[in-house]
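Quick notes on the structure that follows.
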Amino acid sequence: NAGVTQTPKFRILKIGQSMTLQCTQDMNHNYMYWYRQDPGMGLKLIYYSVGAGITDKGEVPNGYNVSRSTTEDFPLRLELAAPSQTSVYFCASSYSQGRLSSSGNTIYFGEGSWLTVV
Amino acid sequence: DQQVKQNSPSLSVQEGRISILNCDYTNSMFDYFLWYKKYPAEGPTFLISISSIKDKNEDGRFTVFLNKSAKHLSLHIVPSQPGDSAVYFCAASAMEYGNKLVFGAGTILRVKS
């Protein structure tokens, strides 16, 4: 019963380095998302995907790239890391973007990845 | 420009009493609202939601109230339990924006035993 799994949990990067945050889900969800949460702020959408091969920008996409080659995986790539990208990153998935009032169509989040750029 | 605001960064409540968490929004296009709960070192989990066609939705100890004219919603937890201590995020969405969620900054709830 893994749900949404993201790795690594913690990472320290030097300015200018690159890295990939991995995310996989085993619920056969069509929709996947990457959010970042800065201190004292709500979660902000970086990129999302509505299915394999389809990705789109969210609210704060600059400095990031994504791909969705399979339904299960949605990696987030940071190119040329900057201190402004120090944040907690959450991957999430949902069956659709519909409006079911029950938890049947809620967004399921991973446990988060703490990234520090120094 | 925060479209969803949770103006209380933290709230402390005695066990057994009512916890009231507030959320305000500015965009009148929002028509679906959710509350998420987050424990330390875990991802947020869905708690309760409400559509704009309703003014109240109840699920056990949790009730969400929506006041569309005031663009305000609140989450009531009765009775509060120590296990409710967490960060609570309010989120809103609009069909016009593809139902993508816009989150507030969160309120830390501490329930004292």
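The values are calculated or read from the model by the stated rules, or taken from the named source; none is laboratory data. As the structure is a computational prediction, the values presented were derived from the model and not from experiment. Positions of Cβ are backbone-derived with ideal geometry, glycine not excepted, and every protein chain shown enters the neighbour counts.
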Residue among B:26, B:107, B:45 that is at pLDDT 90 or above and crowded, with 21+ Cβ neighbours inside 10 Å: B:107
Against the condition hydrophobic (A, V, I, L, M, F, W, C), closer than 29 Å to residue A:4 by Cα and either more than 11 Å from the chain's Cα centre (by Cα) or more than 10 Å from chain A (Cβ to nearest Cβ) (or both), how does residue B:91 come out, does it pass? no
Among strands (runs of 3 or more DSSP E) lying entirely in the range B:1-61, which contain 3 or more residues that are over 29 Å from residue A:4 (Cα atoms)? B:10-14, B:19-25
If residue B:69 satisfies every condition in (1) surrounded by fewer than 14 Cβ atoms within 10 Å (Cβ to Cβ); (2) assigned to a strand (DSSP E or B) but one, which is the exception? (2)
Are there strands (runs of 3 or more DSSP E) fully within the range A:7-106 with at least 1 residues that are of a type outside the set (D, E, K, R) and over 18 Å from residue B:102 (Cα atoms)? List them. A:10-13, A:19-25, A:43-51, A:54-57, A:64-66, A:76-78
Single condition residue A:43 does not satisfy, out of (1) in contact with a Gly (Cβ under 8 Å, 6 or more places away or on another chain); (2) within 14 Å of chain B (Cβ to nearest Cβ): (1)
Could you tell me whether the range A:33-46 includes any residue that is within 22 Å of residue B:33 (Cα to Cα) and of a type in the set (S, T, N, Q)? yes
Name every residue in the range B:41-65 that is more than 10 Å from chain A (Cβ to nearest Cβ) and either touching a His at 6+ places or on another chain (Cβ under 8 Å) or within 22 Å of residue B:110 (Cα to Cα) (or both), in order of residue number. B:58, B:60, B:61, B:62, B:63, B:64, B:65
Go through (1) out of contact with any Gly (no Cβ under 9 Å at 6 or more places or on another chain); (2) crowded, with 18+ Cβ neighbours inside 10 Å; (3) at the interface with chain A (Cβ under 8 Å from one of its Cβ atoms) for residue B:37 and report which single condition fails. (3)
